[in-house]
1. I need a count of the residues in segment 176-193 that are closer than 13 Å to residue 208 by Cβ and either touching a residue at least 60 places away in the same chain (Cβ under 8 Å) or not in a helix (DSSP H, G or I) (or both).
2. Determine whether segment 975-992 contains at least one residue that is in contact with a helix residue (DSSP H, G or I) (Cβ under 7 Å, 6 or more places away or on another chain), among the aliphatic types (A, V, I, L, M) and buried (at least 24 other Cβ atoms within 10 Å of the Cβ).
3. Quick check on segment 959-980: of everything there that is in a loop (DSSP other than H, G, I, E, B) and in contact with a Gly (Cβ under 9 Å, 6 or more places away or on another chain), which residue is modelled with the lowest pLDDT?
4. Scan segment 842-866 for residues that are over 25 Å from residue 740 (Cα atoms), open to solvent by 10 Å² or more (accessible area, probe 1.4 Å) and not basic (Lys, Arg) and jot them down.
5. Checking residue 983 against (1) at pLDDT below 90; (2) of a type in the set (Ser, Thr, Tyr); (3) under 22 Å from residue 846 (Cα atoms): exactly one of these is not met. Which one?
6. Take residue 759 and tell me if it is within 37 Å of the chain's Cα centre (by Cα), closer than 22 Å to residue 879 by Cα and either open to solvent by 20 Å² or more (accessible area, probe 1.4 Å) or at pLDDT 75 or above (or both).
7. In the same structural domain as residue 900 (by the TED database) and touching a residue at least 60 places away in the same chain (Cβ under 8 Å): is that true of residue 840 in this structure?
Amino acid sequence: MPPPSLRLLFPSSSSPLSKSSFLGYSLSRSLFCIPRPPLTPGSPLTSLCYSGARRRRPTGGGGGGSGRKTSGSGGSRGGGVFHQRRRASTLREERDRARAPEMEGKEETLGFNKRRAEGRDKSDKPKALQLKTRKLNPVNTICYVQILGTGMDTQDTSPSVLLFFDKQRFIFNAGEGLQRFCTEHKIKLSKIDHIFLTRVCSETAGGLPGLLLTLAGIGEEGMSVNIWGPSDLNYLVDAMRSFIPNAAMVHAHSFGVTVNGDGTMLSSSQFGKFRDPITIIDDEVVCISSIPLNPNYSNGSMLKPGDIAVIYACELPEIKGKFDPVKAAALGLKPGPKYRELQLGNSVMSDRLNITVHPSDVLGPSSPGPIILLVDCPTKFHMAELLSAESLNCYYRDSDHQPKENTKTVNCVIHLGPAIVTKSADYQKWMKRFGTAQHIMAGHEIRNMEIPILKSSARISSQLNYLCPQLFPARGCWSSQQTNELSLESNELCEDSSSTLCEIIQAENLLKFHLRPYSQLGLDRSAIPDSLNHEEVIAHLLSEIPEIADVSKNVNQFQQSSAEVKLSKSEKDVNCIMVEEPWLSASSSINNVHAEKQGRDSSEEDIPCLNDRWNDNLKDEHDIPACLENISREDMEIVLLGTGSSQPSKYRNVSSIFVNLFSRGSLLLDCGEGTLGQLKRRFGIKGADDAVKVLKCIWISHIHADHHTGLARILALRCQLLKDIPHKPLLVIGPRPLKRFLDAYSKLEDLDMQFLDCRHTLEASMDDFHGSLDSRGQFPENSDRGGSEAENIASRRVESSLFAPHSKMQSYWKRPGSPVDTAVALPVLMRLKELLSEAGLEFLYSVPVVHCPQAFGVVLKAAERPNSLGKTIPGWKLVYSGDTRPCQALINASRDATLLIHEATFEDTMEDEAIARNHSTTKEAVGVGTSAGAYRVVLTHFSQRYPKVPVFNEADMQRTCIAFDLMTVNLADLPMLPKFLPYLKVLFRNEMVGDESDDIHESFIY
């Protein structure tokens, strides 16, 4: 019996996928134009719902198997920047068959995964996520500690430290950017056994949620690690459970003092009795213990979650003396396994004599094992506890409280505290007590910024900046002037910055300190990356692609030509109807502009791979929309901070878009891990802080980790930056599950925010909300009932229109136990109305899309403005899709958009996987923009299987541009976007997909 017909998620005409309304538009024709036979019930693809044609790629030429990449397989669709280089979907046939009862192919319906959209996608077999067990080898062990400078060039997170053994790995702190750093430098996170946190906050643990999800997606069964931290770790774990689906991913162990069970805080003076060291790991190769530090507030303030810091002591076992085979032979031992037993410290019976041979009989004198201390003293309030900690007496060389024979020699101390603490006189005196120990200063300090943490990404940014500085103003590398100025400012803030009482070593990326073998004990700088500057990158680029110089000149010239045309048009006739600018027409092609400037004929030989075909495709380009008439560069621009999907990679961070309204503030659309670091790479250290301070609102599309795990770091930083300045909480708009995460996390750090459910910002809800206001834009009031009656009226109107029984979306969005408290939302809606007015925006509303439960897109519309003659000019319209399949609700919302930013996770030949994961292909995303009549489309959210440039068909891209990290699109530059795309063919002509694909494990949750 064939599977039952597919029931649409949204049955109403205004739903995201409405069959009747959808067929009335051109999307189905523009995306799917080749008929295909119906699927049979026995086909492995019956689990995929589809519409129209989908071309299958050949499976030969290495296209099979479970790997993520092939070369030379599949047929090209023609016209693309690169030939098609990937095999078919990576989905297994058995998983497809498991979905078959829930999905069915229908010719008139766009395909999507119904189970996934409703949050019921159970096709993936549950993973046990067992902790790894390893057979340890205490003899001939390789061991070192290594600095993983995750925030060293942007100062946005605490550095991580790797403790490496040949059979075990430990990481201390997991700030944002750890995955990207490890991917860049080929450090296998899958080998990690334990993660330790010196503090529990966004600075030290911001990268932990994404890391856990990545590990859970590795291999058939997934992986998990042990997480250790002070008692505050419980708050972080509770928060992560709101979006990490499998509790087995989090094997957390907390230690030390805890907050009282009734929720009250302990006084900091009560903490002293908990200061004894706590042994965490004690095996054959290492003993790791923790010494907690609490702040000593002079005013007797209560201890809060997040206040506790930890010192970790890592002690290796003593180094056995050299084995003496002569002594062993004299004691009657034959060469063989008993030699090893003695070396391991075990006694054995003699082979020739009736005696027991002990290790001390055949081994030379033992040497004490190396010791490493990791010290995080985050504030001056922790100093008193650090200086008086009795648990550290055994490590001091000048201790009067410890017999010398019991004193342990510390070989290296890694300091994670900020420079304002570590450069103080008291701290320097304390460091001196460790005698000859090496001191590595790894805390927040403006140093080594000339070596970018992410060199691959920095190199791409430099190349794009050279090609088109207007779209890519970030050069990828800090200039020497910038680093010098920041270093001076940093030193001015530090006490006694010019004097130190003991020798120190400034931490650098990948700096090692060897512990075993003993002969290599000490520092190793061989892995430290070379410095990188913009000039070196461009010189190397020109040596590889000499013609890129002509390409760069052409881009700059047609940008200048555009500006001159705009100026002359405004001077000659400000009242004329705006038409397409001459440099965008076929008669003023890029080559012709360049030729006119040079006084010679244009030729394709000037710029290889550019020709008139692209310009011919633009002949029918529509007029520039009225909203761009006399547009200013200070009106609006977007900065694409992250353009990848699933997890951070070498070249692309995860989703985040910064909407810069200049003097009117800014907004963030999605906030994936590393968003703060990307802001600092784009605007600089101080510029990013300024951008965070003027944020009006953060809007989150859905609860998947690649879209929101950078949120806590941004909110915590804003709270810190504005703590002495009068301000209002930041408005966060997102799906309801996000509130559970933020509420739980706010017990750990003050986030200073207000939350508004995306469902309250749907267009119908906002219309009803505005309809409940009086002529003054306020709730109607009377002397008897005040504002409460107005709130009740508005509540009834919003609830009846949005979530009443039998109304649209009720059956999909309404969930038992999750009532929509509209009365609570009304004050926040009033706050949103106020913010939009301040930002010069007419409205912001969310659009339900097809991806997972409570997934949304967003529409921003600017207010109308008068021109110099008093004529009213409509405001621009920006639409962001979030993650979605192409759907009618988004098409309707994108009607006549000035700019549509749409996800394009997969290439066109991977439609099966796009449907199964409820994402879009490149051609589908372009088709949404075409059907909606959007003026320009920017594609983003590319699968990390395309490290640098996604696969796309150039013939579909007349209105479209592909996004890169840190790309900046000003409204005034929108007409030039399609012209930029062909130049990428020159820049990336030698690039091959997949140089990091072996390290990509796209998490099953996305």
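1. Of the residues in that region, 4 qualify.
2. Within segment 975-992 (the criterion being in contact with a helix residue (DSSP H, G or I) (Cβ under 7 Å, 6 or more places away or on another chain), among the aliphatic types (A, V, I, L, M) and buried (at least 24 other Cβ atoms within 10 Å of the Cβ)), the answer is no, since none of the residues qualifies.
3. Only one residue fits best here, namely 959.
4. Listed by number, the residues that qualify are 842, 843, 863, 864, 866.
5. (3) is the only condition that residue 983 fails.
6. yes
7. yes
A quick yes/no check of all residues on (1) part of a helix (DSSP H, G or I); (2) at pLDDT below 90; (3) surrounded by fewer than 15 Cβ atoms within 10 Å (Cβ to Cβ):
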position	(1), (2), (3)
345	no, yes, no
373	no, no, no
384	yes, no, no
387	yes, no, yes
392	yes, no, no
414	no, no, no
439	no, no, no
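The values are calculated or read from the model by the stated rules, or taken from the named source; none is laboratory data. Keep in mind it's a predicted model, so treat the numbers as computed, not measured. With ideal geometry, Cβ positions are generated from the backbone for all residues, glycine too; neighbour counts draw on all protein chains shown. Quick note on the areas: whole protein, heavy atoms, side chains included, nothing else; ligands and nucleic acids left out. Shrake-Rupley method; radii C 1.70, N 1.55, O 1.52, S 1.80 Å.
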